[in-house]
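Contents: one structure, followed by commentary.
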Amino acid sequence: MFNVQDLVRENIKHLVPYSSARDEFKGEARIFLDANENSLGSPLIKWYNRYPDPLQWKLKEKLSLIKGVSPEHIFLGNGSDECIDLLYRGFCNPGKDNVIICTPTYGMYEICAQINDIQVKKAPILENFQLDLIHLENLVDENTRIIWLCSPNNPTGNSLDRPDVEMVLNNFNGLVVIDEAYINFSRHRSFLQELADYPNLVVLQTLSKAWGLAGLRLGMAFASEEIIHVYNKIKPPYNINQATQDLALEALDQVDQVNEMIRILVAERDMLVPKLKELPMVVEVYPSDANFLLVKMKDARAVYEFLLRKAIVVRDRSKVSLIEGCLRITVGTPPENEELLLALKEFLL
């Protein structure tokens, strides 16, 4: 039986979390003289002189309606990177424990592990960009605390086969983190509705991609109440600022607009695939469930540098194992995509 307390670091079990003024007071009041704020206000917006809700309940309640997950199962981070980092801080003992990543994948899983002095084991995905379950199983030992899965995966763009992910969830007695940053662009179902079935599951999502709010830095982690409790115990007191909370609340009222943006981006992605395949320098365009395409080129570096001279920036992944010779190209606006295609045609001249 999975027991989250078996994974929590001993020092975290005994940690008495910092208690802020806003943690200690619940309810409504007319005069606030408890948090040493500037009582005269702010030169920007009057109410920004007050500290924000440390647990962001209004935001979580609105997200709950959209995601179908109760607020008690939601943690909000300063970008998904904070959600990633805090899992290391809460569940991995430095210099002792290890985690597994399935490369190539999002780089911050490994960077955060290194910062926290946690060993990283790598289970490279197969040539079809799916999990190598046998290799994955062989890497697990008694000190393996987390398996990181990114689906749709960055930088390959594909979704992981659901039965493979379920196999990992059912057979690993540690945390399984599924990073769904790009799930809104995929035809595949999120794992959010499986939280009740898998107490070891953590699902990461973000407002940076489909919602177009990368500048706000707001990431989301969904998990059992026990895991969310650990998150809240070790996070900084006011990790989500008031401006971010206000703007995110406003954006969450625009679900129809976001759905239309997703429709446009998916249509543009699907338009780009055949047009890129027509170009002689393109070797392969890999299937994508994300808002980007992984494209194998005959001379990726030359194409990358040519595009730079045209003031078009793509991501050079040409030296990454398994995706050698590839560029990762984000789906732009319709005019941007047309300009990209014109530039690639110029490269041939």
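Readers should treat all values here as calculations from the given coordinates under stated rules, not as data from a laboratory. What you are looking at is a predicted structure, and each value in this text was computed from that prediction instead of being measured. We place every Cβ from the backbone using ideal geometry, glycine too, and count neighbours over all the protein chains shown.
Which trypsin sites (Lys or Arg not before Pro) in the range 96-132 pass both tests, a DSSP loop state and at most 16 other beta-carbon atoms within 10 Å?
K96
Take Q114, project a point 7 Å from its Cα along the Cβ direction, then tell me which residues of the range 319-346 have their backbone nitrogen under 17 Å from it.
Zone members listed by number: 319-321.
With only alpha-carbon pairs counted, each pair once and no self-pairs, how large is the Kirkwood hydrodynamic radius of the range 186-266 in angstroms?
14.6
Which aspartates and glutamates have a Cα lying under 14 Å from the Cα of K319, excluding residues fewer than 8 positions away in the same chain?
D299
Any chance you could run the full-extension gain for I264 through L349? It's 0.36 nm times the residue separation minus the Cα-Cα distance, nm to one decimal.
27.5 nm
Among K209/K296; K67/K96; K122/K275; K209/K235; K58/K122; K209/K298, which pairs are too far apart, with a Cα-Cα distance over 32 Å?
From the list (K209/K296; K67/K96; K122/K275; K209/K235; K58/K122; K209/K298), the Cα-Cα distance tops 32 Å for K67/K96; K122/K275; K58/K122.
What does the extension gain come out to for K275 and L308, with contour length at 0.36 nm per residue minus their alpha carbon separation?
9.8 nm
Starting with the highest mean, order 58-69, 32-43 by the number of other Cβ atoms within 10 Å, averaged over the residues of each peptide.
Sorting 58-69, 32-43 by mean packing, highest first, produces 58-69, 32-43.
Where does the charge balance sit around V120 when Lys and Arg score +1, Asp and Glu -1, over other residues with C-beta under 13 Å from its C-beta?
With Lys, Arg at +1 and Asp, Glu at -1, the net is 0.
Given points 7 Å out from each Cα along the Cα-Cβ axis, report the S64 to A21 separation in nanometres with one decimal.
Calculated label separation equals 2.7 nm.
Which net charge results for the neighbourhood of R189, defined as the other residues with beta-carbon distances under 11 angstrom from its beta-carbon, given Lys and Arg at +1 and Asp and Glu at -1?
0
When we measure straight from the Cα of K62, which aspartates and glutamates land under 13 angstrom away, once same-chain ones fewer than 8 places off are left out?
Cα-Cα hits under 13 Å: E72, D246, E250, D253.
Treat every Asp and Glu Cβ in the chain as -1 and every Lys and Arg Cβ as +1, leave all other atoms uncharged, and give the resulting dipole magnitude about the Cα centre to the nearest 20 debye.
660
How large is the helix-only mean residue ellipticity at 222 nm for the chain, computed as the sum of -39500 (n - 2.57) over DSSP H runs with n ≥ 4, divided by its residue count, in deg cm²/dmol to the nearest 500?
Roughly -10500 deg cm²/dmol at 222 nm, from the helical runs in the chain.
DSSP loop (so not H, G, I, E, B), at most 14 other Cβ within 10 Å: list which GluC sites (Glu not before Pro) in the range 103-180 pass both filters.
Those that pass, being in a loop and sparsely packed, are E127, E142.
How many Å³ per residue does the convex hull of the Cα positions in the chain occupy?
157
Need the full-extension length gain, Y286 to D132, defined as separation in residues times 0.36 nm minus the C-alpha distance. One decimal, nm.
Net length gain for the segment: 53.6 nm.
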